[in-house]
């Protein structure tokens, strides 16, 4: 596992490397999972983008420069299901995220934030007009949000580290 505190900007190559590393780590999480925890694993997968996700990526790119990283991400990766990592993490497909918006005055700008996913307890993750990733304080779109990373690359790095941490220690992740 590489340890990165300040990840490089997202590129198609960095997203491919992220997908490969996290997919391999998920495989190690699910091997022997039932013996260790007493029940079978849920879905733990990183899906490729579908045609609708690619179209959504194009629409996000055209909408705002703040969503450039998000558009790049959805051009390379579809839905992400980390059902058995910590409390679980779920990232929407591009198609699913495109219409999932929430006002986020904390992020500045006039464009509503794009809801990109949630955890197993309903905490929401959104990319704001500032390009940062924000987390809701409770399981509600009306909740206040706190900035957790300066951009999507840093957020994906936290997820990557969370998968490794869960495999190594059984402890929940960093997100």
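Read-outs: derived from the displayed coordinates by stated rules, not from any lab. These numbers come from a predicted model, not from an experiment. A quick note on method: Cβ atoms are made from the backbone with ideal geometry, for glycine too, and the neighbour counts reach across all protein chains shown.
Would you point out the residue of segment 46-60, among those that are touching a strand residue (DSSP E or B) at 6+ places or on another chain (Cβ under 8 Å) and not in a helix (DSSP H, G or I), that is farthest from residue 25 (Cα to Cα)?
47
Which condition number in (1) part of a helix (DSSP H, G or I); (2) closer than 19 Å to residue 165 by Cβ; (3) touching a helix residue (DSSP H, G or I) at 6+ places or on another chain (Cβ under 7 Å) is the one that residue 7 fails?
Only one criterion is unmet by residue 7, namely (1).
Taking segment 11-44, which residues are within 12 Å of residue 84 (Cα to Cα), touching a strand residue (DSSP E or B) at 6+ places or on another chain (Cβ under 7 Å) and crowded, with 16+ Cβ neighbours inside 10 Å?
26, 29, 30, 44 - these are the residues of segment 11-44 that are within 12 Å of residue 84 (Cα to Cα), touching a strand residue (DSSP E or B) at 6+ places or on another chain (Cβ under 7 Å) and crowded, with 16+ Cβ neighbours inside 10 Å.
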